[in-house]
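Input: a single structure, listed below in structure tokens.
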Amino acid sequence: MGEIMERENVRDTEIEELSRRIALLEQGDNDRKLELHGVDEIPGVNIEEIIFEIAIKLQIKLESSDLESIYRVNNKQRDQSRPVLIQFVSRKKCTEFKERKRTILIFR
């Protein structure tokens with residue numbers, strides 16, 4: 001009976017450790033993501049082109065190699081444009097984008 005309890009305790013400890021590791025990995029992944037709202041949906045225009053135009057306006061040097069993925073998130077409100085989710089390759093580029101975006105919003 002004691003051996004079973006000890007194995008359960010070991011298993012519970014391992015589960016807690018794995019859960020903690022997953023949370024850290026997810027947090028690290030979120031540090032590379034940026035969600036933009038209010039980006040118009042223009043038929044025939046690639047969303048990546050729009051993101052590059054935004055980067056130019058924010059005075060950020062952005063390369064295709066800086067981007068892992070760009071896509072629109074489904075939105076339940078049909079009268080508004082869907083948010084754009086950008087996943088960067090590096091946290092550094094994402095942070096730069098966030099800081100510049102915040103600066104522009106402050107000085108409007």
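The values are calculated or read from the model by the stated rules, or taken from the named source; none is laboratory data. Predicted, not measured: the structure shown is a model, and the values here were computed from it. Please note that ligands, DNA and RNA were not included when accessible areas were found on the heavy atoms of the full protein model with its side chains. Shrake-Rupley method; radii C 1.70, N 1.55, O 1.52, S 1.80 Å.
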Extension length gain for E41 and E99 (0.36 nm per residue less Cα distance), in nm, is 18.5 nm
Here, the chain modelled as identical Cα point scatterers in vacuum has Debye log10 I(q)/I(0) at q = 0.19, 0.21 Å⁻¹ of -1.02, -1.16
In the chain, lysine pairs 8 or more places apart or on different chains with C-alpha atoms under 17 Å apart total 13
With Cα coordinates, the longest principal axis of the chain makes an angle with the long axis of helix 91-106, in degrees rounded to 10, of 50
Relative to the chain, whose Cα atoms define the longest principal axis, helix 47-57 and its Cα axis are tilted in degrees, nearest 10, by 70
Under a 1.4 Å probe, counting only protein heavy atoms, R72 has an accessible area in Å², nearest 10, of 40
In nanometres, the difference between 0.36 nm per residue of separation and the alpha-carbon distance of I56 and S19 is 9.3 nm
Residue-normalised value, i.e. accessible area per residue, for the chain at 1.4 Å probe, in Å², stands at 79
If the chain between R11 and Q80 were fully extended at 0.36 nm per residue, the gain over the current Cα-Cα distance would be 20.1 nm
Relative to the chain, whose Cα atoms define the longest principal axis, helix 2-30 and its Cα axis are tilted in degrees, nearest 10, by 10
